[in-house]
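Input: a single structure, listed below in structure tokens.
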Amino acid sequence: MKFHLIALAAAAASVGNAEAAKLTATQAAAATNVLYIGGSSALQKLVEGMVSQNCDANGMSTWRSKGPGGTFWFGATAADGADGASVNAYACTLKAGNDFGVAYDNQTVLIVKREAGGSSQGVFPVGKPASVTGALAQSIDVGACDATADTANTGTSTEYGRCDATTSTITRLPDMGMSDVEPNIFNSTVNKPSAYSALSVVDTDFEAAPTPFAQAVIGLVVNTTMYNDLAAYQGVTVPSIGQNAFSNLWGSTYSATQYWTPLKDGSSVGTVPALLNTQVNIVGRSVGSGTRAAVGLYFNNSPTNLSGKQWAASNTNPVVGTASGKRSVTSASSSGNVIAQVEACGATSKYCVGILGLEQVPSANVKFVNVEGQSPANARFGQYPVVYEATYQISKTAPGGAAAKALAVAFGSAMAKPDNIFAAFNGNGVLALPSNCSGTVYTDWTSTAELAVCSRVTRGGNSTRTLSIVK
């Protein structure tokens, strides 16, 4: 009898352990609630955090597109520099009392977010789905990825499973889009990918008008060698790159024979670093990226200066130190690829500058610099200029139907709350809009979350406006 009871107890424990496991790829693909999102790779961490903090005790399963050594994603001509640069997927059983509403208590959920193509993928495929085909309409089938979220294709234990482009790519338009700036900014030729050249969007193309939900803080990153050399030259702890300097270094009219001359100035106290007299290497983003659009708005008055200089086009010049009259300009397809490329540049002791959202956590060899002497840490006080308001938009013809639309509304509303932004980021690069924070003045804020992530400034949903202090 005792042995029989022990056996029953062991069986019960086995069942309990099975129930406590994270969702497998098959279970995730069969989730009760499914939402496909396209757009802003800069806000990938916010989406990830929003899912993770709402999962039950079993935790979240994650799948990422395979990077180095993988097949090419969505028509790309090279492998990604990092896993998850093109697509990320998150699945779990939501906890009771989750941020999306009581209707989702104890429900399984799968959120698939395409990063490749940047913010424009959260605009045109959402607003003009009937006109978007081919690689631009693709995402992944999680059911075709690694069976579990802790075994990579190599058999190595990791924190996520991987998806191979050859076996997991499917045609699946997004139910919801996210963009670092409002959709109409992408109607400009300087921000519109050539594949969307015949398309333009208006607010009525979406289920409802695009909704600003958070502020994205955008910055410049450099490799460690450049960071340390500039800091010593400028006599500061954190080096700075000015608006005009960066505008010229990436500008279409800049003479590459001048090397890094815009970074030389009479106010610096140190010896001019020798590498300032070497080739300029810029890691930008592809046309259609919201990060690129935001950087253009601040550094280049673009798209309002269409008659003036624009960003230099990408080229095939290798990243080197001594090529006379040449400049390397690359256009990364996602934030993850910016980090990978700047890091690779640093490994060869060259100077590289890239553009990146502050919510991303670069490696030890990739660091954010100040802009015009202002620290990104002061963005919420209006003391850092590269701050723009992200929006989400929902497809009228969401492939996931009414259920996906409802989840998109719940997900978007939850992303706007200071408590949720803080839980996902601790105030690192994503800020809550003043209108979503309590009180009429900033001194009304008392909670830990509001004190960390609430912004005092806004552009009023119009990226061409200057920042206004409203609280």
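The values are calculated or read from the model by the stated rules, or taken from the named source; none is laboratory data. Because the structure is a prediction, the values reported are computed rather than measured. Cβ sites come from the backbone with ideal geometry, for glycine too, and all protein chains shown count toward neighbours.
Scanning region 407-419 for residues that are in contact with a strand residue (DSSP E or B) (Cβ under 9 Å, 6 or more places away or on another chain) and of a type outside the set (D, E, K, R) yields L407, A408, V409, F411, G412, S413, M415, A416, P418.
All of N420, N428, N462 fail the test of being part of a helix (DSSP H, G or I), in the same structural domain as V102 (by TED's automatic domain parsing) and of a type outside the set (A, V, I, L, M, F, W, C), apart from N420. Applying the criterion of being farther than 23 Å from L136 by Cα and part of a helix (DSSP H, G or I) to the residues of region 288-321, the residue that is modelled with the lowest pLDDT is N300. Total residues in region 365-405 satisfying the condition of being touching a residue at least 60 places away in the same chain (Cβ under 8 Å) and assigned to a helix (DSSP H, G or I): the figure is 7.
A single entry from G439, G429, G460, G400 fulfils the requirement of being crowded, with 20+ Cβ neighbours inside 10 Å and modelled with pLDDT under 95: G429.
Checked against (1) in the same structural domain as R459 (by TED's automatic domain parsing); (2) closer than 26 Å to K45 by Cβ; (3) surrounded by 17 or more Cβ atoms within 10 Å (Cβ to Cβ), N223 passes all but condition (1).
Would a scan of region 280-287 turn up a residue that is farther than 16 Å from V371 by Cα, over 21 Å from the mean Cα position of the chain (by Cα) and modelled with pLDDT of 90 or more? Yes, region 280-287 has at least one match. Residues that are without any contact (Cβ under 8 Å) to a residue 24 or more places away in the chain and of a type in the set (D, E) do not occur anywhere in region 326-348.
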